[in-house]
1. Taking interchain pairs and intrachain pairs at least six residues apart, which have beta carbon atoms under 7 angstrom, with the first residue in the stretch 196-212 and within 13 Å of K232 (Cβ to Cβ) and open to solvent by 10 Å² or more (accessible area, probe 1.4 Å) and the second more than 12 Å from the ligand (Cβ to nearest atom) and among the hydrophobic types (A, V, I, L, M, F, W, C)?
2. Anything in the stretch 221-244 that is more than 12 Å from the ligand (Cβ to nearest atom) and in contact (Cβ under 8 Å) with a residue 24 or more places away in the chain? List them, or say none.
3. Go through the stretch 163-207 and count every residue that is over 25 Å from I152 (Cα atoms) and part of a loop (DSSP other than H, G, I, E, B).
4. Evaluate the following for R324: is it of a type in the set (K, R), free of Cβ contacts under 8 Å to residues at least 40 places away in the same chain and closer than 25 Å to D39 by Cβ?
5. So is A154 away from the ligand (no atom under 13 Å from the Cβ) and buried (at least 21 other Cβ atoms within 10 Å of the Cβ) or not?
6. Name the residues in the stretch 268-297 that are at pLDDT below 95, hydrophobic (A, V, I, L, M, F, W, C) and within 16 Å of the ligand (Cβ to nearest atom), would you?
7. Just checking, does the stretch 274-296 include any residue being within 30 Å of Q212 (Cα to Cα) and open to solvent by 10 Å² or more (accessible area, probe 1.4 Å)?
8. Residue pairs, Cβ under 7 Å, 6 or more apart or interchain, first in the stretch 115-142 and open to solvent by less than 40 Å² (accessible area, probe 1.4 Å), second in a loop (DSSP other than H, G, I, E, B) and of a type in the set (A, V, I, L, M, F, W, C). List them.
Amino acid sequence: MKPSRRSFLEATLALPVFLDPASSFAATAPRAEVAASKDSSFDPWVEIHRDNLRHNVLEISRRAENRPILAVIKNNGYGMGVANVAQLLEPQPEIFGFAVVKLHEAISLRDAGIRKPILLLGPFDEQNLEDAVARNIMPMVYTPLGPAFDKIAAKMQKPVPLHICIDTGIGRVGVPYHQAAPLIRELASRKSVQIQGTMMTFTEDPEFDKEQLRRFHETCSALEKDNIALGKKHAASSFTLFQHPEAFLDMVRPGMAIYGIYSENEFRHAAIMDLRPAISLKARVIYVKKLRRGDSAGYNRAYIAKDDVWVATLPVGHTDGWPRNAALSHDKGAKVRINGELYPVIASVSASHCILEIGREERVKIGDTASFFDWQPGSRPEDVSESCGASVYDLTMHLNPLLPRRIV
Ligand SMILES: Cc1ncc(COP(=O)(O)O)c(C=O)c1O
């Protein structure tokens, strides 16, 4: 019977530990211990580099001339684990607080003991709002929710702190700037509401950003003239940190720069901030073999060996967050570091595997650690992004949340 794709994948996954005589693990590990294992030591993992994270925060603070940093840690802390990142960042005095999109992330931060301010950028219903406020989580508001705040404030016996979001052109969330004044006046007039911040998001179109900032200033000044307190004004993402110092306002609000990754490749060479990647994806080689000239690799025989060549199989695929387009095509493709050398990803990236071309010599062995991206030049996330077109946001945020996170 022809094996199905599923049975093929299961069979290959089982091979390295039990069948390969070259694996020292297979030779030495007692059966009882293997049976007790929950995860394979060959499984991929994500590393979080504490010192790099700290360094990046200091760099951002220097660039923002000591303005407070509202750290965007949405989408599982850009792949690092939302609570991990918050716990590492919270002790740094430069960090004012945290912004997330999903309510469950905000709640998990409080459950993990995070005490600094948390801003919820995502949607909520009235019950969600009450649950959030009870945990001292601030909502981002742009609709007429005054009556809901009255109810919650009466119950809590204190006004509800919140941030207002103004849409100056991104068209996503936020009250349109030309309709913002009446909404903000109405909210500010309520005893139940305490406006602690007012924010906007740039489209990151350098020319239009200037017009967006003008709209924001115009809207805010008109309200401030009438003594409406808007709290801390903030707009600056990582892109803005590089492009628009005039938009740093009262507080900056970066995500990607905190994790040490340049959101645009051109910023790497701008000498504005020295960012050090604080996240790596790693795994151990599960199989090494020699393909003969004409042998194929990958679904649809995506790779045909032009000569005899050694290849290595890694237990990392698109289900782990490694992009499908990392495999070499038209001379472009990501490279993976093993023992200091970079090897191209070939064939196709399947759900749980990818294959590297090692070359004429057998230069790697089963069990060697492979780094899919890390902080080293040549294997930074930006290098992977440049080589295969995957966005650095996808590389980090699409990392499977179930992969183990190790803080180093
Ligand atoms: C509202 C808002 N502010 C700030 C950020 C941080 O952006 P970046 O990771 O590019 O710094 C994001 C992320 O997309 C965002 O949605």
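1. Q196/M138; Q196/L162
2. Looking only at the stretch 221-244, we keep the residues that are more than 12 Å from the ligand (Cβ to nearest atom), and these are 221-233, 244.
The answer is A222, L223, D226, I228, A229, L230, G231, K232, K233, H244.
3. 11
4. Values: of a type in the set (K, R): yes; free of Cβ contacts under 8 Å to residues at least 40 places away in the same chain: yes; closer than 25 Å to D39 by Cβ: yes.
Criteria met by R324.
5. Values: away from the ligand (no atom under 13 Å from the Cβ): yes; buried (at least 21 other Cβ atoms within 10 Å of the Cβ): no.
Judged against the criteria, A154 is not a match.
6. A270
7. Kept after step one, since they are within 30 Å of Q212 (Cα to Cα), are these residues of the stretch 274-296: 274-275.
Filter once more, keeping what is open to solvent by 10 Å² or more (accessible area, probe 1.4 Å): 274.
There is at least one residue in the stretch 274-296 that is within 30 Å of Q212 (Cα to Cα) and open to solvent by 10 Å² or more (accessible area, probe 1.4 Å).
8. Pairs that qualify, where the first residue is open to solvent by less than 40 Å² (accessible area, probe 1.4 Å) and the partner is in a loop (DSSP other than H, G, I, E, B) and of a type in the set (A, V, I, L, M, F, W, C), are L121/V101; G122/V101; A132/F124; P139/F124; M140/L121.
The values are calculated or read from the model by the stated rules, or taken from the named source; none is laboratory data. Please read all numbers here as calculations on a predicted model, not as lab measurements. We place every Cβ from the backbone using ideal geometry, glycine too, and count neighbours over all the protein chains shown. Heads up: the accessible areas ignore ligands, DNA and RNA and are worked out on the full protein's heavy atoms, side chains in. Shrake-Rupley method; radii C 1.70, N 1.55, O 1.52, S 1.80 Å.
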